Every structure is written in structure tokens, then in C-alpha cells.
1. Surrounded by fewer than 17 Cβ atoms within 10 Å (Cβ to Cβ), in contact with a Phe, Trp or Tyr (Cβ under 8 Å, 6 or more places away or on another chain) and under 21 Å from residue 250 (Cβ atoms): does that describe residue 11?
2. Every residue in segment 87-122 that is of a type in the set (A, V, I, L, M) and surrounded by fewer than 18 Cβ atoms within 10 Å (Cβ to Cβ), please.
3. May I ask you to list the residues in segment 96-112 that are within 14 Å of residue 39 (Cβ to Cβ) and either within 9 Å of the ligand (Cβ to nearest atom) or charged (D, E, K, R) (or both)?
4. For segment 204-213, does any single residue satisfy the condition of being surrounded by 17 or more Cβ atoms within 10 Å (Cβ to Cβ), over 18 Å from the mean Cα position of the chain (by Cα) and closer than 29 Å to residue 88 by Cα?
5. Output yes when any residue across segment 75-94 is acidic (Asp, Glu), touching a Phe, Trp or Tyr at 6+ places or on another chain (Cβ under 8 Å) and under 26 Å from residue 263 (Cβ atoms), and no when none is.
6. Quickly run through segment 251-284 and pick out the residues that are of a type in the set (Lys, Arg), buried (at least 16 other Cβ atoms within 10 Å of the Cβ) and over 14 Å from the mean Cα position of the chain (by Cα).
7. Among the numbered criteria (1) modelled with pLDDT of 95 or more; (2) within 16 Å of the ligand (Cβ to nearest atom), which one does residue 93 miss?
Amino acid sequence: MEITLPSPAVGAEIRGVDLCKLDDATFKQIERALGEYGALFFRDQKLAPEDHIAFAERFGEINVNRFFHPVEGHPQIAEVLKEPDQKDNIGGGWHTDHSYDDEPARCSILYAHVIPPSGGDTLYAGLAAAFDALSDGFKDTLRGMRAVHSSRHVFGRKAATRGTDGLDPYSDGRIGNPDAATQDAAHPVVIAHPDTGREILYVNPGFTRHFEGWTIEESKPLLHQLYAHAMKPEFQIRFHWEPGSVAMWDNRSTWHYALNDYHGHRRYLHRITVEGGPLRAAAG
Ligand SMILES: [Fe+2]
């Protein structure tokens, strides 16, 4: 197994492994690398749904997604699909999966079936590196704060009617079940990573609504300042997909952004999300 680090902030490429045949020692290396680097990229894998599920279950219990259309016969696997005639994509904005849950997901594992001839890359941001780059005084202030995250404005009934082209992911069946979008959760703004103990800036543009005890209006300027900081290119890595690629990411320490720059082409992937645990504040 060979690990290379194209970006010092986030992400590692792993070569020389077959995810269908992992001995325990190799699996432990992959698990450690996930905590350390936040996102892992593999090429040329052949994952049948059963293989994908078996690999995911080594990391924990699979979260059966409430909003995404499942792969036929495999409710554990969500379809991430954009057809040539669809305009909006899924995940096209900086976010982390499931931060609106009381115990947010540990990781997500995405396997590529059909990739457009160009475009459709995914960007990742490393929120440990972003936090490390702040001043000591600012870090101290943030360590004492909590923020409220929600799914309502993204997956809920009101969100289901948005979109102007009639082809958004809500109206064409790719995302459903808006009545399940009732989650609100408060988390520390700076968490200690459950595996590594490293301090992580834990707010994201997709699901964070406001700081606990602050209004949405009051929260906006500081949230936007933190987002602008974390979106700096030096904290990012860009992954170019090929059929057979697997990307997995730690939802506690990274954001991701699925680029929507391949109109007229099909993009089809399988996603499994693995449950996490409660998040605790960093001690500083
Ligand atoms: Fe996502």
C-alpha cells in the first residue's frame, strides 16, 4: 500500500490495494489514514454493492439515508445521479454530510460508475488545517461557542418547492421524503476529532444556521468570515473521478463540493454513509 499526499492540508491517494480483499492490518492502515488525512482516494476498484457494503461496515453501522433514492435491492446505498437533461446536481455547494444529526455521520464512501468526459470533480476542504491557521485569540473565542445545524432549509417541505427549471433534485425524485427533514442539532464550533483528538472547525455553509444564543442575522457575518477563510485554496484538494474511483471522507474534519460543470452528460455514483458518535468540544 502506497500513500501519497498531493495537498498538505487534506486528502491522500492510496494505491496498491483492492478494497474487496483487505486484511485486518491493511484495513487498520486505511482507517488511520482516514483520521489523519480526512479524505482518501482509490483508483480502479471493482465494488459490487455487496463489496461496497462490506467495506463500509468495517467502519461502523451504515446510515440508511432518509432523503436520497436507494439503489434497487440495497437500501444501504444511495444513488448520486445526474442525467444529461437535469440541470441541478446533488451536493453542489460546500457542506458536510449529516451535521444536522445529534451524532453526525463518521464518513461517506462514494464509488463512481459513470463519469462525464470532463468535469464533475469533487472539491474537499480540510477543517483542521483551516482551524490551525487562525490566531490564538480567535481560536480561544471560537472554542467557547456552539452552533445550531439543521436539515429543514435544505431537504424540508419549503426547500422541495425551490428551483426554477422544474428539474431540481427535489422535483424529479432524486431526493424525497421532505417530511423527514426535522433535524436540528447543536454542536461545538471547535470539536476534538473523535479518532485523532485534533481540533477541527465544525461549521459548514450547507447546514449551519446560527451560533447558539445568537440570531441568524447576528451569526451571518462571523459565519461568512469563517467560511471565506476555510474556502481558501490552500486548504483544499480537487479530486478528478474516473469510473472505478472511490473517494471516502471523514465528515467531521472535511467539507466537500460536487462541481456541476458537465451539463448534457450523465454522472452516476453509489454512496454509503457510516454512522458516527457524539461530538465533544476541543479543550484547547
Ligand atoms: Fe455530500
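The values are calculated or read from the model by the stated rules, or taken from the named source; none is laboratory data. This structure is a prediction, so every number in the text was calculated from the model and none was measured. Here Cβ is always computed from backbone atoms with ideal geometry, including for glycine, and neighbour counts include all displayed protein chains.
1. Spelling it out, it is not the case that residue 11 is surrounded by fewer than 17 Cβ atoms within 10 Å (Cβ to Cβ), in contact with a Phe, Trp or Tyr (Cβ under 8 Å, 6 or more places away or on another chain) and under 21 Å from residue 250 (Cβ atoms).
2. 114
3. Passing the criteria: 96, 97, 106, 108, 110.
4. Yes, segment 204-213 contains a residue that is surrounded by 17 or more Cβ atoms within 10 Å (Cβ to Cβ), over 18 Å from the mean Cα position of the chain (by Cα) and closer than 29 Å to residue 88 by Cα.
5. Taking every residue of segment 75-94 in turn, at least one turns out to be acidic (Asp, Glu), touching a Phe, Trp or Tyr at 6+ places or on another chain (Cβ under 8 Å) and under 26 Å from residue 263 (Cβ atoms).
6. Across segment 251-284, the qualifying residues are 266, 267.
7. (1) is the only condition that residue 93 fails.
Listed here are the residues, each with its yes/no results for (1) within 16 Å of the ligand (Cβ to nearest atom); (2) closer than 22 Å to residue 102 by Cα; (3) at pLDDT below 95; (4) basic (Lys, Arg).
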residue	(1), (2), (3), (4)
188	no, yes, no, no
193	no, yes, no, no
200	no, yes, no, no
216	no, yes, no, no
221	no, no, no, no
228	no, no, no, no
258	yes, no, no, no
284	no, no, yes, no
